[in-house]
Amino acid sequence: MLMSKEDLAKSLGKKFKYRYDTEQYGKRDAWYIMREETAKGKLEGDCEDFALTLLWHISNESYVKFWWNLISRKAKICYCYIETPDRGHAVLRYDGEYADNIQKKFVTKEALEKKAYIFSRWMFLPNTVAVKLLMGKFIKSRL
């Protein structure tokens, strides 16, 4: 039986451990879908990795569905910041609701705005996501 998006967010949230890209890759920003658990059963990454991995699971781990969700605009990786512009953050928007590594569940945009999330008009388009995923794969392969 397929899990709901809410259950998927909750499940991923339990396994997720935040790790800055700078800790893992130096000064480089690397986007990737988290698939490899640590010895402690955790998935390590940052905000965009959480958003991409959640979308991957919502898409039944299918690249066709993953990309279709982005191309059809059913899903978006939104750029925002929390409190100040120097704290950039990525949030998954799916079917009109938002989830991220901080909330670890789907909520409304208004609920996030009440928590000092400020959404940019700029979003990551599917082609940008593709390039960033390819760059992340390249960065990881060089380690």
Could you give the nm distance between label points at ILE71 and ARG28, where each point is 7 Å from its Cα heading toward the beta carbon? 2.8 nm
Of every Cα-Cα pair in the range 20-104, the percentage lying beyond 15 Å is 61 percent
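Using 1/(1 + (r/R0)^6) with R0 = 25 angstrom and r between the beta carbons of SER11 and LYS109, what's the FRET efficiency to the nearest 0.05? Write out the running numbers ahead of the final one.
Numbers: r = 23 Å, r/R0 = 0.92.
Calculated value: 0.65.
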Vicinal HN-Hα couplings computed from phi for the range 51-66 (Karplus, 6.51 cos²θ - 1.76 cosθ + 1.60; Hz; Gly/Pro x): 4, 5, 5, 4, 4, 4, 6, 4, 7, 6, 6, 10, 5, 4, 5, 4
Just to check I understand the Karplus step: with θ = phi - 60° and J = 6.51 cos²θ - 1.76 cosθ + 1.60, what whole-Hz values come out for the range 81-95, glycine and proline as x? 9, 10, 6, 10, x, 7, 10, x, 8, 10, 10, 8, 9, 9, 6
Counting only residues 5 or more places away or on other chains, whose amide H sits under 5 Å from the amide H of GLU44 once H atoms are built in the peptide plane? LYS17, THR38
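When the accessible area of the chain is split by element with a 1.4 Å probe, what percent falls to carbon and sulfur?
Carbon and sulfur: 53 percent of the exposed surface of the chain.
With every protein chain present, what is the per residue accessible area of the chain (1.4 Å probe, Å²)?
On the way: 8480 Å² over 143 residues.
Spelled out: the 1.4 Å probe surface of the chain, per residue, equals 59 Å².
What ranking, highest mean first, results for peptides 115-126, 92-103 when packing means the other Cβ atoms within 10 Å averaged over each residue?
Top of the packing list down: 92-103, 115-126.
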Across the range 72-143, qualifying lysine pairs (alpha carbons under 19 Å, at least 8 places apart or different chains) come out at 11
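What ranking do 34-41, 63-70 get when scored by the average of other Cβ atoms within 10 Å per residue, highest first?
Working: 34-41: 10.2, 63-70: 16.1.
Top to bottom by mean Cβ count within 10 Å: 63-70, 34-41.
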11 Å beta-carbon shell around VAL129, net charge (K/R +1, D/E -1): +1
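Please give the net charge around MET3, taking every other residue with its beta carbon less than 12 angstrom from that of MET3, where Lys and Arg add +1 and Asp and Glu add -1. Could you put the intermediate results ahead of the total?
Numbers: positive: LYS5, LYS10; negative: GLU6, ASP7, GLU61.
So the environment of MET3 carries a net charge of -1.
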Hydrodynamic radius by Kirkwood, which averages 1/r over all alpha carbon pairs of the chain, in angstrom: 15.3 Å
Near LYS15, which aspartates and glutamates are there with a Cα under 14 Å away, not counting those fewer than 8 places off in the same chain? ASP7, GLU36, GLU37, GLU44, ASP46, ASP49, ASP100
Taking r as the C-beta separation of SER4 and THR84 and R0 as 35 Å, the FRET efficiency to the nearest 0.05 is 0.55
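Would you work out the relative contact order for the range 1-135, in percent, from Cα pairs under 8 angstrom that are 6 or more residues apart? Mind dumping the intermediate values first?
Values: 203 pairs, mean separation 32.6, N = 135.
With pairs under 8 Å counted, the relative contact order is 24 percent.
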Quick one: which residues, 5+ away or cross-chain, put their amide H under 5 Å from the amide H of ILE33? H built at 1.01 Å from N. none
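The values are calculated or read from the model by the stated rules, or taken from the named source; none is laboratory data. Here the structure is a predicted model, which means the values were calculated and not measured. All Cβ positions, even for glycine, are placed from backbone atoms using ideal geometry, and neighbour counts span all protein chains on display. Heavy atoms of the whole protein, side chains included, go into the accessibility calculation; ligands, DNA and RNA do not. Shrake-Rupley method; radii C 1.70, N 1.55, O 1.52, S 1.80 Å.
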